[in-house]
Amino acid sequence: MPDAPDSAQPDPIDRSREPGQGLTKEEALHRLLEGHWRYLENSRVQRSVTATDRGLHAQGQYPFAALLGCADSRVSPELIFDQGQGDMFVVRVAGNIIGLSGLASLEYAVQHLGVKLIVVMGHENCGAVKAALDVHDAPGPIGYLLRQIAPAVEEARAAEGPLLDRAVECNVKHTVNNILERSETLKKCVDDGLLRIVGIVYRLSSGDIEFHATAG
């Protein structure tokens, strides 16, 4: 029997409403990088949110990736990776440090939303990291934040190259390590091959991203 014509082939299965949008960790990273390439080429997808879309979003969320990033207004993840509403589960805090609430949020994304990719994103000229380089004793919540970045700063001082750049990179790597050290749940998912965690730095001046850590 001859093969059916192309027009008779079944349509691709829509997995957008499945946990993690049905993507493996490799597929999720590939999708993220494709979106970043569109951003660099200024060929972002034109999106609109209709009443039907809002109705679907009200029923539940199905992100394919989670991202821990800095709260800096210049580094919106949905823009940088050209993703739409409901595609990314985003946690943002100055200096992209990981606290208990952020850790719980990432665990929720993996355990309950089916996410198989976590991205930790720092960025060039991060104000929080620069403050940790310049300020040695600050009171209150800001002091707490700077103390979380301090180990990365000390590591960066021993490295070659521009100090702020090295500190931003070290801070990303420290955050990835902190996630693995402080969350048994996420570490087990990585060890079992179910989850990938990557640490990247976004370059404000060029729009490029650089990989500095990978687990899983």
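The values are calculated or read from the model by the stated rules, or taken from the named source; none is laboratory data. None of the values given here were measured: they were computed from a predicted structure. Cβ: placed from backbone, ideal geometry, glycine included. Neighbour counts: every protein chain shown. These area figures cover heavy atoms from the full protein model, side chains too; ligands, DNA and RNA do not enter into them. Shrake-Rupley method; radii C 1.70, N 1.55, O 1.52, S 1.80 Å.
If packing is taken as the average number of other Cβ atoms within 10 Å across a peptide's residues, how do 131-138, 48-55 rank, most packed first?
Working: 131-138: 13.9, 48-55: 9.1.
Result, highest mean first: 131-138, 48-55.
Per the 1.4 Å probe, what fraction of the accessible area of the chain, in percent, lies on carbon and sulfur atoms?
On the way: 6060 of 11660 Å².
Carbon with sulfur: 52 percent of the solvent-accessible area.
Quick one: Cα centre-to-centre distance for region 75-119 and region 152-191, in angstrom?
Region 75-119 and region 152-191 have Cα centres spaced 17 Å from each other.
When DSSP beta bridges are limited to those with both residues in the chain, what percentage is antiparallel, rounded to the nearest 5?
Numbers: 6 of 22 bridges.
Within the chain, antiparallel bridges account for around 25 percent of the total.
Please compute one quarter of the surface area of the Cα convex hull for region 62-137 and express it in square nanometres. Write down the numbers at each step before the final one.
Numbers: hull surface 22.0 nm².
Computed as one quarter of the Cα hull surface, the answer is 5.5 nm².
From the residues GLY69, LEU56, LEU29, which one has its Cα farthest along the dipole of region 19-78 in the positive direction, the dipole being from +1 and -1 charges on Cβ of Lys/Arg and Asp/Glu about the Cα centre?
LEU56
Please list the equivalent ellipsoid semi-axes of the chain, computed as the square roots of five times the alpha-carbon gyration tensor eigenvalues, in descending order and whole angstrom. Write down the numbers at each step before the final one.
Working: eigenvalues 243, 70, 57 Å².
Equivalent ellipsoid of the chain: 35, 19, 17 Å, largest first.
Say the dipole of the chain comes from +1 at the beta carbon of Lys and Arg and -1 at that of Asp and Glu; which of VAL45, ASN171, LEU103 then lies farthest toward its positive end?
After comparing all options, I get LEU103.
Using a 1.4 angstrom probe on the protein heavy atoms only, could you order TYR202, TYR144 from most to least accessible area? Could the numbers behind the result be given before it?
Values: TYR202 10, TYR144 110 Å².
The residues order as TYR144, TYR202, largest area first.
Provide the per residue accessible area, probe 1.4 Å, for the chain, rounded to a whole number of square angstrom. Walk me through the numbers before you get to the answer.
Details: 11660 Å² over 216 residues.
Each residue of the chain exposes 54 Å² on average to a 1.4 Å probe.
Name the residue farthest towards the positive end of the dipole of region 1-149 from the options GLN85, ALA131, PRO19, assuming +1 on Cβ of Lys and Arg, -1 on Cβ of Asp and Glu, about the Cα centre.
With unit charges placed on the Cβ atoms, the residue in question is ALA131.
Running Debye on region 90-204 with equal point scatterers at the Cα sites and no solvent, what base-10 log of I(q)/I(0) appears at q = 0.18 Å⁻¹?
One equal scatterer on each Cα of region 90-204 leads to -0.89.
What does the charge dipole of region 67-192 about its Cα centre add up to, to the nearest 20 debye, if the Cβ of each Lys and Arg holds +1 and the Cβ of each Asp and Glu holds -1?
180
For the chain, calculate the relative contact order in percent as a whole number, restricting contacts to Cα pairs under 8 Å that are 6 or more residues apart. Intermediate results must be reported in sequence, preceding the final value.
Numbers: 342 pairs, mean separation 42.1, N = 216.
In percent, rounded to a whole number, it is 19.
Quick check for me: using +1 on Lys/Arg Cβ and -1 on Asp/Glu Cβ, what's the dipole size of the chain about its Cα centre, in debye to the nearest 20? All intermediate terms of the calculation are to be shown ahead of the outcome.
Working: 21 positive and 29 negative charges, 106 e Å.
Here the size comes out at about 500 debye.
Under a straight-distance cross-link criterion of Cα-Cα below 17 Å, which lysines are reachable from LYS173, leaving out those fewer than 8 residues away in the same chain?
Of all the lysines, those that pass the test against LYS173 - Cα under 17 Å, at least 8 places apart if same chain - are LYS130, LYS187.
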